[in-house]
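Below you'll find the structure, written out as structure tokens, and then a few comments.
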């Protein structure tokens, strides 16, 4: 008898012109969204934020589906006062059941008053 344990895998969809993360804003809240196309052995996601693209802190912890073979959309919401600076960097920390982790590239979002929101993928 042998068991074949599946390796830790996760695939993120590019949902925002090449970025894994999408920011939506309204009058009072900001929403970060991402989508996986499959997951295996995933425990949870940690949405991390930074104002300098160097020191990231975990802002939200979101439970993962653990194992899927279909598209799954996740979302984390923030109040407007939390994101009051002009430029904010986000990334996902993907945590697997065995404790190993993967990080996405950071994506910066720039909020210019009265103008369209712009973003940059930081590699």
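The values are calculated or read from the model by the stated rules, or taken from the named source; none is laboratory data. Predicted model only: the values in this text are computed from it and were never measured. All Cβ positions, even for glycine, are placed from backbone atoms using ideal geometry, and neighbour counts span all protein chains on display.
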Legend entry - Selection status of residue 53, over 14 Å from the mean Cα position of the chain (by Cα), modelled with pLDDT of 90 or more and under 14 Å from residue 11 (Cβ atoms): no
Legend entry - Cross-chain or 6+ apart pairs with Cβ under 9 Å, the stretch 31-43 first and at positive phi and modelled with pLDDT of 90 or more, then in a strand (DSSP E or B) and crowded, with 17+ Cβ neighbours inside 10 Å: 41/10; 41/96
Inset, instruction - Evaluate the stretch 59-75: report whether one residue or more is modelled with pLDDT under 85, under 18 Å from residue 106 (Cβ atoms) and surrounded by 13 or more Cβ atoms within 10 Å (Cβ to Cβ). - result: no
Inset, instruction - Would you be able to tell me the number of residues in the stretch 31-42 that are crowded, with 19+ Cβ neighbours inside 10 Å and within 23 Å of residue 99 (Cβ to Cβ)? - result: 4
Inset, instruction - Note down all Cβ pairs under 8 Å where the first residue falls in the stretch 85-98 and is on the phi > 0 side of the Ramachandran plot and surrounded by fewer than 19 Cβ atoms within 10 Å (Cβ to Cβ), the second is modelled with pLDDT under 95 and assigned to a loop (DSSP other than H, G, I, E, B), and they're at least six residues apart or on different chains. - result: none
Legend entry - Sole exception among (1) part of a strand (DSSP E or B); (2) under 15 Å from residue 91 (Cβ atoms); (3) at pLDDT below 90 for residue 24, by number: (2)
